[in-house]
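Enquirer: I'd like to ask some things about the structure below.
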Amino acid sequence: MDTNYNRKNRLKAHVVLVTKYRKQLLKGIISEDIKHHIFDICHKHNYEIIAMETDRDHIHFLISYDTTDSICEIVKRIKQETTYRLWPKHSVLLSKEYWKRRILWSDGYFACSIGEVSSATIQRYIETRG
């Protein structure tokens, strides 16, 4: 029996992912492709991207997700799937930067809940990045 019908809450987190070795790759078509893929991944898994912007070596996004999901699993999924999807299309450029293996993101990430900060404040912050 599914008891999820009573759930009425969602969590929001500000997430920052950094490229491996802080390579300044997140510009132009790669930036647009990453954002497109993150939107697709989130739509597929019922997460909502409220705001998202790239800077040359990192990306910020404000994400809303269900309480049954963990932010570490969401970040892991986004990092794995964006890396997997970007390499075939941008292999010439990426292989110049990461010649040993197919990587894109640094090992860590930043994530914080925004319980005490308004969503609008974080959204404005993210939209002014880049």
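The values are calculated or read from the model by the stated rules, or taken from the named source; none is laboratory data. Because the structure is a prediction, the values reported are computed rather than measured. Ideal geometry is used to build each Cβ from the backbone, glycine not excepted, and the neighbour counts take in all protein chains shown.
Enquirer: When only residues in segment 102-125 that are over 19 Å from GLN24 (Cβ atoms) and surrounded by 14 or more Cβ atoms within 10 Å (Cβ to Cβ) count, which is modelled with the highest pLDDT?
Expert: Here the answer is ALA111.
Enquirer: Also, quick follow-up: Residue check: is LEU62 within 25 Å of ARG22 (Cβ to Cβ) and either within 13 Å of the chain's Cα centre (by Cα) or small (Gly, Ala, Ser) (or both)?
Expert: yes
This table checks each residue for (1) touching a Lys or Arg at 6+ places or on another chain (Cβ under 6 Å); (2) in contact (Cβ under 8 Å) with a residue 40 or more places away in the chain.
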position: HIS45; (1), (2): no, no
position: THR54; (1), (2): no, yes
position: HIS60; (1), (2): yes, yes
position: LYS76; (1), (2): no, no
position: LEU93; (1), (2): no, yes
position: GLU97; (1), (2): yes, yes
position: PHE110; (1), (2): no, yes
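Enquirer: Okay, moving on. Being of a type in the set (D, E, K, R) and under 26 Å from ASN9 (Cβ atoms) narrows it down to one residue among ASP69, ASP107; which is it?
Expert: Only one candidate passes the filter, namely ASP69.
Listed here are the residues, each with its yes/no results for (1) of a type outside the set (A, V, I, L, M); (2) surrounded by 13 or more Cβ atoms within 10 Å (Cβ to Cβ); (3) under 11 Å from the mean Cα position of the chain (by Cα).
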{"residue": "LEU26", "(1), (2), (3)": "no, yes, no"}
{"residue": "HIS37", "(1), (2), (3)": "yes, yes, yes"}
{"residue": "ASP55", "(1), (2), (3)": "yes, yes, no"}
{"residue": "ASP66", "(1), (2), (3)": "yes, yes, no"}
{"residue": "GLU73", "(1), (2), (3)": "yes, no, no"}
{"residue": "ILE78", "(1), (2), (3)": "no, yes, yes"}
{"residue": "GLU81", "(1), (2), (3)": "yes, yes, yes"}
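Enquirer: Aromatic (Phe, Trp, Tyr) and surrounded by fewer than 16 Cβ atoms within 10 Å (Cβ to Cβ): is that true of PHE61 in this structure?
Expert: Against the criterion (aromatic (Phe, Trp, Tyr) and surrounded by fewer than 16 Cβ atoms within 10 Å (Cβ to Cβ)), PHE61 does not qualify.
Enquirer: Still on this structure, I have one more. Determine whether THR67 is among the β-branched types (Val, Ile, Thr), in contact with a Leu (Cβ under 9 Å, 6 or more places away or on another chain) and in contact (Cβ under 8 Å) with a residue 60 or more places away in the chain.
Expert: The answer is yes for THR67.
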